[in-house]
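The values are calculated or read from the model by the stated rules, or taken from the named source; none is laboratory data. Only a predicted model underlies this, so the values are computations on that prediction, with no experimental measurement involved. We place every Cβ from the backbone using ideal geometry, glycine too, and count neighbours over all the protein chains shown. When the accessible area is computed, the model is the full protein with side chains, heavy atoms only, and any ligands, DNA or RNA have been set aside. Shrake-Rupley method; radii C 1.70, N 1.55, O 1.52, S 1.80 Å.
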Amino acid sequence: MLKINAISKTFFPNTVNEVGALNNVSLTIKEGCFTAIIGTNGSGKSTLLNAIAGTFIPDQGSILLNETEISAWPEYKRASLIGRVFQNPFAGSAAEMTIAENIIMAMRRGQSRPLRLAVNAAVKEEIAEKVRMLKMGLEDRLDNPIGTLSGGQRQALTLLMATWLKPKLLLLDEHTAALDPKSAAKVAELTKHIIEKENLTALMVTHSMQQAVDLPDRIVMMHRGQIVEDYRDEMKKRVRVPDLIETFNRVQKRELFDESVAAMLQQQYI
Amino acid sequence: MQLIQEQLGKYFVIKAIGKLDASWADYFAETCLDLIRNGHHNLIIDADELNFLSSAGIRSLLRINKELHSVKGSFLIVHAQDFVVKTIEMTGFKHWISKDFPKELLALKSDHSFSSAQVDEGSFVLNPSGSLTLSVVADWQPWNTVKAENISKLHFPASVFALGIGSAADSPEEARSHFGEFVAVGGHVIFQAPEAKSRPDYLLAEKDFIPQMQAIQALYCNGEMSHLFRFSPDEKNAFFGLSDISEKALSITKCNAAAFVVLAEVDGLVGANLIQSPGLLKNNGIIPFPEIREWLSFCGERVFSGYQAMVFGVVTRNGAFEKMPLLASLPSNPELSGHFHAAVFPYQPLQNGKIDLIQNVQKLLSGPPPQALMHLADDNRPAIGLGQSSLIRGACWCAPIQNMEGIL
Amino acid sequence: MNLIIGAFTMGLILSLLSLGMLISFRMIKFTDITVDGSITLGASLSAVLIMAGWSPWLATLMAFSAGAVAGMVTGILHTRFKIQEILAGILVMTALYSVNLRIMGRSNIPLLDTETISGGTEKLLQQFTGGTSKMNVFGWPVPLTDMAVFITIAIICIITGILLNRFLKTHFGTVLRATGNNPQMVRAQGVNNNTMVVFSLALSNGLVALSGALLAQYQGFADVQMGIGMMVWGLASIIIGEALVGKSSLGITITGAILGTILFRLLIAIALRWGLNPNDLKLVTAVFVFFALVAPYMFKSLSSKFFGGSRHA
Ligand SMILES: Nc1ncnc2c1ncn2[C@@H]1O[C@H](COP(=O)(O)OP(=O)(O)O)[C@@H](O)[C@H]1O
Ligand SMILES: [Mg+2]
């Protein structure tokens, strides 16, 4: 379904600021699999999602979605296959435009944009029906600018927009991190609901290990631009938050293991 | 609520003033549990000015009593007002109540010159003729490939104390991918299979079952412990380094080679453990940095402070057992060489005084599972070294190593 | 009355400029300086073509196309070659100066006794009024020619306004408006936001050049200098329009831009009448735009100072 082959990305190469954000990352995700990505700050989670979404072209490696090589496609072209929700609740919608207009744009994601009037009564009825599902009372405010809504409401709408046309792949980048706890829980709930109902293939970056344990089918842990752990199937069912913390600790210990430790242990580990 | 604490002889008196209700119950319990942790195993609650006791308060008293019971301590409530007495009687703990302090304490109260002696301090001779016979399994040299003939099958009856690298698998072939550190005390083996990446596992000796391991490296001692000494912080020492404990074990057994088991609260452990079985090694020879990181994990900082450790170690004063394998010189005390493995458990208090090793190990193993298994290292890197592992308070059983059965 | 009709006509012509700039400055939020060059381009090209005997309608259409090409170049410089918006606009505007000189062959072309796009309307009016050269508007005699120009331009403006309003409400237009709001979101909806920018600039500068073509025909000449300061005028008009009717909906915003431009021209006409030196006109406009831009902030900080002060007192 999604097949990432050894992609690498270095920001500011050959300068003092050089960052190896992705280092030879390979990942294959089956159709209908909901995968969480966890990892320390700056471990390359967002960079991985950006590479898939086409925000930049990786230095090396290939990305196949639906058996199609997409790594040379520009971002907007990939959007026909990929739905996206960003961490910033304001990033996924156009603030000055109405709720209806925003959703109408999402209803033709990756399709042609004809010179026909976009908003009409029938379409608005269709939108209202689906928006009612959010139970936020937004169906009565379709003509209000979306910028007048709260972050949680906007993020819920963005999620609805990203999945309005069933995407081949849904990318969620810490999409509940910037919300207050109550909205975050609601959006997380909605995420699970939509993904299950539509049987979506999804990649979700999350900072919440509890979320990683509760929601998805698979957990991938990243560190320093590499995948260091991959819990799937039976392993995933067994894994609990303390196990994830344990793994984090192990990965971080590896960082502290330097040459001087190696030399010391040569004397002491016998 | 206000708590006034006073040590009187072997007793520790806590005067509780105010209300012991839901909002204070935890504070009260934590304070008392801390005292128990610090070795005060005879608590008296002076309830003279305790003017309320809720069911949450009762629950906290139960917690304290349970902890004291496990270390064979004593628990008494004195001067309680009628309604407190009634509440406690109703819940069936009449035996906690006493009208006044015990007589011996009342005598002390008039004579305040009594110094708060360290009642848990001391050393005991368990069996003057107790000694251990050491066998060494050292066919495998780190980091060579493991050959079939390097793997020895070891049995762990109740008289065996051992450490090493091995696997609980049945056949040597199966064991190959599971070799990790182990430590065995009184027939119980705690081991960590590196590929599991999780908690250590254990084999408990029960009835006719004698645990077995496929080992590629081991220090295997058979026999009986001869001495026990207790240690706890005093004015001089806030904690005890592994080399201090080793030194004491050697001096108390009057021998240049000794083995010991320590059960103690941890100040900080320093060490490493395997994260890949050496049975999977493809080439002979030292593994350079950074590949070594694929095989060994180092703790990186002093870890497991406040946990309870079970350490088994073999230590020699230099000169004893010429060219003995598996012993590394201790930078903290260059006269000594040793090898130590530690199993780490959530904290459990120990009874004071002369206690039994096997009983206490069994008690430890019947509680929450072990958190880690480590090969302890004495990290003497200049400036950034983490130093040696150290312990706060506990018990050390030791015995001289009289015989070397040669290398197994 | 002549003065008022003149101001209205001028205002209507320039409202096409304002509508063009509404697309670039307000819809896609692109600070486009190309305007100063493309309005001259429209004027010079249509003047030359009309002089060469082209139909004024066809010439005006050509001017529109030429302006669109200029806008496209600015857009491509910005999106493809990553040149900053303002610099991209300045480059094209500077280049257009030479292009305009080349088109005209000299710095000024008079359009005397040539056919204009209002010719047809004038004939129609003559039939109504029975051949007189002046007609009565609210009791004032107004030259038939002026009236014809006014009516023609008004019709063009209204049609343009309606078309623009409709266009911006289509699926395509919706995405165009979103581009200025949130380009990342537009990309996430599968639309190349760069293409939208190039298209918008083309449409915007096409309208500006259309305005230039009509201006040349109305004034009766095309001059290589005539574009200087036009961008600031357009901006002033848009700001006045927003102050006048607000921007609560798309239709109102468009209407506002047209009304704003007319009002602005009227104000200028009055100011000139009161003796404002025409040479100072551009300075006055610039100062006006400056205040219009900073006023909201000044107002905020002033009021906060006021309330802050009263709280401390
Ligand atoms: N556009 C960029 N330009 C330069 N450096 C970047 C960029 N994006 C990410 N990085 C760097 O790459 C590393 C990985 O970042 P990121 O993927 O955002 O981490 P995460 O999402 O796991 O917190 C960080 O060190 C970050 O500073
Ligand atoms: Mg991130």
- Task: Note down the magnitude of the dipole of the range C:100-175 about its Cα centre, charges +1 on Lys and Arg C-beta and -1 on Asp and Glu C-beta and zero elsewhere, to the nearest 20 debye.
- Result: 300 debye
- Quick one: net charge around C:LEU203, please, counting Lys, Arg +1 and Asp, Glu -1 for every other residue with C-beta under 14 Å from its C-beta. +2
- Task: Mind listing, in residue-number order, the residues in the range A:66-82 that have at least 20 Å² less accessible area with every protein chain present than in their own chain alone (1.4 Å probe)?
- Result: A:GLU75, A:TYR76, A:ALA79
- Item | Over 21 Å (Cα to Cα) - which of A:LYS135/A:LYS182; A:LYS30/A:LYS236; A:LYS130/C:LYS29 fall in this group | A:LYS130/C:LYS29
- Item | Against the rule of thumb 2.2 N^0.38 Å, how large the Cα Rg of the protein assembly as shown comes out | 1.42
- Message: So for each of A:162-174, C:211-223, B:64-76 I average, over its residues, the number of other beta carbons within 10 Å; can you give me the resulting order with the highest mean first?
- Response: C:211-223, A:162-174, B:64-76
- Query: Is the range B:2-117 rounded, prolate or oblate when judged by the Cα gyration tensor, a ≥ b ≥ c being the square roots of its eigenvalues, rounded requiring a/c under 1.5 and prolate requiring a/b larger than b/c?
  - Reply: prolate
- Item | Degrees, to the nearest 10: A:259-268 long Cα axis against longest axis of chain A | 50 degrees
- Over the protein assembly as shown, with neighbouring protein chains present, the accessible area per residue in Å² at probe 1.4 Å is 45 Å²
- Message: How shielded is A:97-109 by partner chains, expressed as the average number of their Cβ atoms within 10 Å of its Cβ atoms?
- Response: 4
- Query: Can you pull out the trypsin sites (Lys or Arg not before Pro) in the range B:123-229 that DSSP calls coil and that have at most 12 other Cβ atoms within 10 Å?
  - Reply: B:LYS147, B:LYS207
- Rounded if a/c is under 1.5, else prolate if a/b is larger than b/c, else oblate: which is the range A:35-105, with a ≥ b ≥ c the root eigenvalues of its Cα gyration tensor? oblate
- Can you give the mean number of other chain Cβ atoms that lie within 10 Å of the Cβ atoms in peptide A:89-95? 5
- Query: With the contact rule set at Cα under 8 Å and sequence spacing of 6 or more, what percent relative contact order holds for chain A?
  - Reply: 25 percent
- Going residue by residue through the range C:82-96, the Karplus relation 6.51 cos²θ - 1.76 cosθ + 1.60 with θ = phi - 60° gives ³J(HN,Hα) values, rounded to whole Hz and with x marking Gly or Pro, of 6, 7, 4, 3, 5, 5, 4, x, 4, 4, 5, 4, 5, 4, 5
- Task: Rounded to the nearest 100 Å², what's the accessible area chains A and C bury against each other, both chains counted, probe 1.4 Å?
- Result: 2300 Å²
- Message: Report, to one decimal in Å, the Kirkwood hydrodynamic radius for the range B:123-405 based on all distinct Cα pairs.
- Response: 18.8 Å
- For the range B:1-115, with all protein chains present and a 1.4 Å probe, just round the carbon and sulfur fraction of the accessible area to a whole percent. 52 percent
- Nearest 100 Å², what total accessible surface is buried between chain A and chain B (probe 1.4 Å)? 2400 Å²
- Message: Can you tell me what share of the DSSP beta bridges in the protein assembly as shown is antiparallel? A percent to the nearest 5 is fine.
- Response: 75 percent
- Hey, what do the phi angles of the range C:145-150 turn into as Karplus ³J(HN,Hα) couplings, whole Hz, using 6.51/-1.76/1.60 and θ = phi - 60°, x for Gly and Pro? 4, 4, 4, 4, 4, 4
- Query: How large, in percent, is the carbon and sulfur part of the accessible surface of the range C:2-276 at a probe radius of 1.4 Å?
  - Reply: 68 percent
- Message: Please give me the summed charge of the neighbours of A:VAL261: other residues whose Cβ is under 12 Å from its Cβ, Lys and Arg +1, Asp and Glu -1.
- Response: -1
- Summed over the other residues with a beta carbon less than 12 angstrom from that of B:LEU33, with K and R at +1 and D and E at -1, the charge totals -1
- Query: Restricting to lysine pairs 8 or more places apart or on different chains, what number in the range B:123-405 have Cα atoms under 25 Å apart?
  - Reply: 17
- Note on the structure: In whole Hz, the Karplus estimates of ³J(HN,Hα) for the range B:75-85 (6.51, -1.76, 1.60; θ = phi - 60°; x where Gly or Pro) are 9, 9, 10, 10, 6, 6, 6, 3, 5, 5, 4
- Message: Rounded to the nearest 20 debye, what is the charge dipole size of chain A about its Cα centre when +1 sits on each Lys and Arg Cβ and -1 on each Asp and Glu Cβ?
- Response: 460 debye
- Taking the range B:123-405 and dividing mean pair separation by its residue count, relative contact order in percent (alpha carbons under 8 Å, at least six apart): 28 percent
- Using a 1.4 angstrom probe and counting only protein chains, how large is the accessible area of C:THR94 in Å², to 10? 80 Å²
- Task: Summarise the partner chain shielding of B:288-297 as one whole number: the mean count of Cβ atoms from other chains within 10 Å of each residue's Cβ.
- Result: 5
- What percentage of the solvent-accessible surface of the range B:322-408, computed with a 1.4 Å probe over protein heavy atoms, is contributed by carbon and sulfur atoms? 52 percent
